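Step one of this worksheet: look at the structure below.
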Amino acid sequence: MECRTFEINLISARDLEDVREIFRMKVYAVMTIGDVQETKMQTPVDRENNTNPAWNCIFRYTMGEFALNQDGVMIVIKLYCSRTLGDRYIGEVCVSIRELYSLAMENGGSITLNKNVQRGGSAAPQGQLQFACSFGERVLIVQDQNQSSGSRRVWRKGARLLFEVTLSVMGVVIPLLLDD
C-alpha cells in the first residue's frame, strides 16, 4: 500500500474569544482526521498566554496515498478552554487534507497557514489558528514473508487499522476480512 507521512505542527492561536468571566484562559487543541477517534491527538494546555496560546506541538500520521487525493477527508482541530468544572468549547478549524496536500506539494512538501477559528452557527471568526504541515515521500508498505507469526499479526492489525481509518474517513463502510 502506498503511504506518506503527514506531520502537522499546531503552532499557536491568537485573538481567541475569551470564554471565561473571571479566570485566565487555559487553552488546548484536539485534532482528529475526520471523526475517526483513533486519530485523536491533543496538545498540552497553555496556562500562560490567555487568549493567545502557543503550543508548537507536532503530530505525526501515516496516510494512505488514496486518502490524500479524496474530497471530504477533513482535519478537524477543536480548541477548548480547560476548566475545573468541565472544559468549554471555543471553536474549531476544519480543512481538507486534499487542500493541504495540494498546497504543500506546490511549496516543496510543506506549508504554514493561518485559518479562522469558527464556532458553530457563527459567521464571525473567533480568532486565528496558525499551523504548519508537511508531507513526506511516497513509500510502499509491504509485508515481509519471513516475519514470525507474532509480528505478522501485529502487521495485519496495523494494516487493518490504516485501511479502516482511510475508508471510514472517506465515508465508505466495507468490512475487512483479515485473520487475526
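As a proxy for reagent exposure, ranking 41, 105 by other Cβ atoms within 10 Å from fewest up yields 105, 41. Taken over the alpha carbons of segment 55-140 as equal point scatterers, the Debye sum produces base-10 log I(q)/I(0) values at 0.26 Å⁻¹ of -1.39. Using C-alpha pairs under 8 Å with a sequence gap of at least 6, the mean separation divided by the residue count of segment 2-137 gives a relative contact order of 32 percent. Neighbour counting of Cβ atoms within 10 Å sorts the residues 23, 131, 66, fewest neighbours leading, into 23, 66, 131.
Annotation: the residues 88, 4, sorted from fewest to most other C-beta atoms within 10 Å of their own C-beta, follow the order 88, 4.
Where a number appears in this text, it was derived from the coordinates with a stated rule and is not lab data. Fair warning: this is a prediction, and the values are worked out from it, not measured in the lab. Counting neighbours? That spans all protein chains shown, and the Cβs are built from the backbone with ideal geometry, glycine included.
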